[in-house]
């Protein structure tokens, strides 16, 4: 009789262990889902004061960064604006020329090819450059985004879609290395790359922003890219490097893109 009692207890223990194991397994398999997100707005006002120890730790670094940002790199003899021309502007021409000159050696070294031309977007220029000293902070004001230069290979025939885009957008998108001349009715009078007519059958290497390659500003012609080459070079850094090696910035509204009168 004692054996039967012990046997019954043993079966109960086994059952409890089995049920516990099943519960643990089922709990482990249960997926966790986010059910609620709560947000709270905290106003920073006079009731919040700085902590001296933290402020003392941060101040030297803050002052050092401010000094670097405000150190003079170049000089602008006049205001450089994104609105001083209908088809091309001083700010746009400066940006496009910087991307071309600064990125060309990088791309050449990595691929053995030359950059044929540059196209950026008018909206990517967030500020003009005032007359006077030009600093690293200037570059951050003009280009606050973390955009990188990327070089895209396009068929010559695709470039005519790029031209259509420029005409239809009615904005002075920055370009360099190309010339587009429109007739009075805004039809194309001439379109050349590095002074030569576009060959629809050959490929061209176009330096631009990674933002535009992914569809920014509806530049959908980039979807037809044959290849893409990352440069790991921020447009803003290209500006700072350029500012550091020139004395004076003097871009002009020129004949790279215009309409005959």
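Each value in this text was obtained by applying a stated rule to the coordinates, not by laboratory testing. Owing to the predicted nature of the structure, the values given are computational and were not obtained by experimental measurement. Here Cβ is always computed from backbone atoms with ideal geometry, including for glycine, and neighbour counts include all displayed protein chains.
So, by mean Cβ neighbours within 10 angstrom, what's the order for 32-45, 215-228 with the highest one leading?
Top of the packing list down: 215-228, 32-45.
Most exposed first by the Cβ proxy, i.e. fewest other Cβ within 10 Å, how do 90, 158, 83 rank?
Lowest count first: 83, 158, 90.
Rounded if a/c is under 1.5, else prolate if a/b beats b/c, else oblate: with a ≥ b ≥ c from the C-alpha gyration tensor eigenvalues square-rooted, which is the range 132-261?
oblate
What are the extents of the Cα atoms of the range 98-146 along their three principal axes, in Å, largest first?
37, 22, 20
Hey, what number do you get for the chain at 222 nm if only DSSP H runs of n ≥ 4 count, each worth -39500 (n - 2.57), divided across all residues, to the nearest 500?
-13000 deg cm²/dmol
Roughly what angle does helix 235-245 make with the longest principal axis of the chain, taking Cα atoms, 0 to 90 degrees, to the nearest 10?
50
Out of these labelled values of Rg/Rh (Cα atoms, Kirkwood Rh), (1) 1.33; (2) 1.06; (3) 0.99, which was calculated from the coordinates shown here?
(1)
What is the order of 173, 122, fewest Cβ neighbours within 10 Å to most?
122, 173
How high is the relative contact order of the range 72-150, in percent, with contacts defined as C-alpha pairs under 8 Å that are six or more residues apart?
For the range 72-150, the relative contact order is 43 percent.
As I understand it, the value is the acute angle between the Cα axis of helix 2-29 and the longest principal axis of the Cα atoms of the chain; what does it come to in degrees, rounded to 10?
Result, in degrees: 10.
Looking only at 175, 163, 151, which one moves most when the chain is put into a Gaussian network model with springs between Cα atoms under 10 Å?
163
Report, in degrees rounded to the nearest 10, the 0 to 90 angle that the Cα long axis of helix 90-111 makes with the longest principal axis of the chain.
70
Given contacts defined as C-alpha pairs under 8 Å and at least six residues apart, what's the relative contact order of the range 68-257, whole-number percent?
Once normalised by length, the contact order is 36 percent.
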